1. Take the residues in region 5-18 that are in contact with a helix residue (DSSP H, G or I) (Cβ under 9 Å, 6 or more places away or on another chain) and farther than 18 Å from G30 by Cβ; name whichever of them is surrounded by the fewest Cβ atoms within 10 Å (Cβ to Cβ).
2. Could you give me the residue pairs with C-beta distances under 7 Å whose first residue belongs to region 62-89 and is without any contact (Cβ under 8 Å) to a residue 60 or more places away in the chain, whose second residue is part of a helix (DSSP H, G or I) wherever it lies, and which are 6+ apart or on separate chains?
3. Those residues that are touching a residue at least 12 places away in the same chain (Cβ under 8 Å) and within 15 Å of the chain's Cα centre (by Cα), I need them from region 25-54; list them, please.
Amino acid sequence: MFHRSQLDKLFELIGQVQGSSDGVDSNVLGELKEEAHRLQALDQHLILGQHMHRHGSSQYVFLAPKAMPFDEEVFIENLQEEWEPQKDEELEYGTWDAVLILS
């Protein structure tokens, strides 16, 4: 699973290959291969979070490197609304390494 912005370089290189009228430039082809390998090597996972507050609950989805520490502090920093624990708000989050993409 990749975020769209992670694929921008790959799509740019593919566009260069498709737009070439003189044949494929070996440098562009090499860059395309390197970018594909870089994407394949990304070790990331999906983090799902839920912020329960007085108005209901809000769900959050993060795509992050597995090596990046993710704890309550990081979750709070990335909330799109104010964190008010004094009002009995709660946070829950978990990670998923395997994501099934249906098509």
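1. Filtering first and then ranking leaves L7.
2. Close Cβ pairs (under 7 Å, with a partner that is part of a helix (DSSP H, G or I)) amount to W83/I76.
3. Listed by number, the residues that qualify are L39, L42, D43, Q44, H45, L46, I47, L48, G49.
Quick note: the coordinates plus some simple rules give every number you see, no bench work behind them. Just so it is clear, the model here is predicted, and its values are computed rather than measured. FYI the Cβ positions are ideal-geometry reconstructions off the backbone, even for glycines, and counts take in every protein chain you see.
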